[in-house]
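Here the structure comes first, spelled out in structure tokens, and everything after it is commentary.
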Amino acid sequence: MSILTLKVFAGLLQLHGPGATIQSDHPGIDALLPDLRAQSGDKNTTSTQSNQNASDTVASEEFLSDKPLATEVYFRRGFVRGPGYGGAFRRGYHGGYGGFRRGFARGY
Amino acid sequence: MTADATGAAAFPGQPISQLLVKVAARCNIDCSYCYWFRDAAVYEKPKLMGAKVLRQLLQRVEEHVAEHVLADLPIVLHGGEPLLWGVDNFNHFAEACAAITARTGCAIPIAVTTNGVLIDDRWLDCFETHGISVAISLDGPSHIHDLHRKTFQGRGTHEAVERAARRLVARDIRVSVLAVCNPAYPPQQYVDFFADCGIAHYDIMIPDATVDEKPPGIAAFYNGLFELWLDANRSQPDVNIRIITDMVTALLGNNSPTEGVGYNPVELCTVMTDGSVEPHDVLRIAGDGSTRTTFNVFDHALDEVRGEPRWQAARDASINLAAKCRSCRFMNACGGGYLPHRFSKANGYDNPSVYCDDLYAMFENMQAVLEGHLYVKKPGGERVAIRDALGHT
């Protein structure tokens, strides 16, 4: 079994044609899939929302090549971007919950 | 990504994009597993950040965000115990950051990581007024927490910390909890406790250890925690257990949002109470003077630390993985483990994590579960299980 990667997903979507999407029957897992779409967009991979609110990631040459996918520094941050990031200051599933990086989140 | 593609060249340099500011170098409690005091060099630092250092730091922050036209620069106030700095200093700092935002357009979200013991109404007002998000260290129920998190007189701190956590929740202040895993206890005890407190965002972190140590296994604990995360989010995504969501995110091919999971450079910049600038604070786990540099905010711009040898060494170590890691099928998701956990006196950071076998077992278990929950939805609505779909690639 192949390990799941953006490249594998992109290959699957390409195989199943335009409009195919990757989804999950588990809401917790499915909630993490939209990040795939967002990052796909960052990497010049066409990404749009279908009317069924499902992913529509189209494989790009970049994903299908063996080039390393350089990681933006942004994603290393302990602050998780999401609605209310840095501002709204109210509880929610996503948001900028602070001090939230591995290690320096410890209040020693 | 192939193993051959790993290394510094794959990650172009970028401006410092997050600051860890040590506003207090001492702590008011005495946790047994603290990495901070493994390095006696912290005692050479001023106990608290003074006004002169603070002014210079704020000036450097403004110069940095203006020069690099940053959209945001998150700052985490840390220690020791940062609340020892005092609520007036927090208010002043937040107001100064807001003024920088007004002048530059760069958002400066502020967070604090605290043991929570000192939190009272003034602190709650401060957090609420300035939108400061709070991470509070709380190792679950008292019989786990009080094993390690004690006062200098040896008394447990759980009662005070739980009270603070509940007050933060009651005020609807953005709070997350940071616990350290004790694998001798079932994860259910942590999950039930946090649910009872009304805390939906938390992490149960892998205990810090170097390769020179022999920590107990953690795979069974985290595989159990993953099951609990699946159960808690089965109807809707309500509970965020960070290490689980990070690992799932990484397995799905994304960049994990935090530094403990995934293959990415660690580019943290730490400002000490005396204005000196260092790399990753947790690297103090390597012992005395391990993060010491000659850089400081008086003589150097923030981004100059990128040219500092120890900062560069830490960054390079985070992406130059050991041979075993480079050939591992979970290399991208795991990233060799958390950098401090790769240290040994003999090889520096050129090791797999001391938890390598556990991490492999955890990723293998998660991967199998994820495959069972994913499918390709075709344009006509037909679903193809990911396992079947992968069978055709």
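Where a number appears in this text, it was derived from the coordinates with a stated rule and is not lab data. Everything numeric here is computed off the predicted structure, so don't read it as measured data. Note: ideal-geometry Cβ built from the backbone for every residue, glycine included; neighbour counts use all protein chains shown.
Modelling each spin label as a point 7 Å along the Cα-to-Cβ direction, I'd like the residue B:196/residue B:231 distance in nm, to one decimal.
Going from the residue B:196 label point to the residue B:231 one covers 1.6 nm.
Distance between Cα centroids, the range B:86-152 to the range B:36-74: provide it in whole Å.
Between the Cα centres of the range B:86-152 and the range B:36-74 lies a distance of 16 Å.
Below 15 angstrom from the Cβ of residue B:227, what's the summed charge of the other residues (Lys, Arg +1; Asp, Glu -1)? Numbers along the way, then the final one.
Details: positive: B:234; negative: B:192, B:231, B:364.
That sum, taken over residues with Cβ under 15 Å, equals -2.
When 1/r is averaged over all different Cα pairs and the result inverted, which Kirkwood radius in Å belongs to the range B:1-158? Each step should come with its number before you reach the end.
Details: mean 1/r = 0.0567 Å⁻¹.
Computed over Cα pairs of the range B:1-158, the Kirkwood hydrodynamic radius comes out at 17.6 Å.
Report, in deg cm²/dmol and to the nearest 500, the calculated mean residue ellipticity at 222 nm for chain B, where each DSSP H run with n ≥ 4 adds -39500 (n - 2.57) and the sum is divided by the residue count.
On the way: 13 runs with 143 residues, N = 393.
Dividing the helical sum by the residues of chain B leaves -11000 deg cm²/dmol.
Could you tell me which residue out of B:98, B:31, B:365 lies farthest along the dipole of chain B toward its positive end? Charges go on the beta carbon: Lys and Arg +1, Asp and Glu -1, centred on the Cα centre.
Value: B:365.
If you wrap a convex hull around the C-alpha atoms of chain B and split its volume per residue, what is the figure in Å³?
On the way: hull volume 63.0 nm³, N = 393.
In chain B, the Cα hull volume divided by residue count equals 160 Å³.
Give me the net charge of residue B:141's neighbourhood, meaning all other residues with Cβ under 15 Å from the Cβ of residue B:141; Lys, Arg count +1, Asp, Glu -1.
Its environment carries a net charge of -3.
Can you put B:108, B:319 in order, fewest other beta carbons within 10 Å first?
B:319, B:108
Sort A:24, B:133 so that the residue with the fewest other Cβ atoms within 10 Å of its own Cβ comes first and the one with the most comes last.
Lowest count first: A:24, B:133.
Mind giving me the FRET efficiency for residue B:95 and residue B:171? R0 is 30 Å, r the Cβ-Cβ distance, nearest 0.05 is fine. Intermediate results must be reported in sequence, preceding the final value.
Details: r = 20 Å, r/R0 = 0.68.
In this case the efficiency is close to 0.90.
If Lys and Arg each add +1 and Asp and Glu each add -1, what is the summed charge of the other residues whose beta carbon sits under 11 Å from the beta carbon of residue B:276? Show your work: numbers first, answer last.
On the way: positive: B:22, B:45, B:292; negative: B:44, B:274, B:278, B:299, B:308.
Overall, the nearby charge balance is -2.
How big is the charge dipole of chain B about its Cα centre, in debye rounded to the nearest 20, if each Lys and Arg gets +1 on its Cβ and each Asp and Glu gets -1 on its Cβ?
Taking the Cα centre of chain B as origin, the dipole is about 140 debye.
Sequence gap at least 6, Cα distance under 8 Å: using those rules, report the relative contact order of the range B:37-140 to the nearest whole percent.
This gives 27 percent for the range B:37-140.
For chain B, calculate the relative contact order in percent as a whole number, restricting contacts to Cα pairs under 8 Å that are 6 or more residues apart.
18
Against the longest alpha carbon principal axis of chain B, how many degrees, from 0 to 90 and to the nearest 10, is the axis of helix B:187-197 turned?
So the helix axis and the longest Cα principal axis differ by about 50 degrees.
Counting other beta carbons within 10 Å of each residue's own, what order do B:43, B:35, B:355 fall into, fewest first?
B:43, B:35, B:355
Among the lysines, which have Cα under 18 Å from the Cα of residue B:377 when same-chain residues fewer than 8 positions away are ignored?
Once the sequence-local lysines are set aside, what remains near residue B:377 is A:7.
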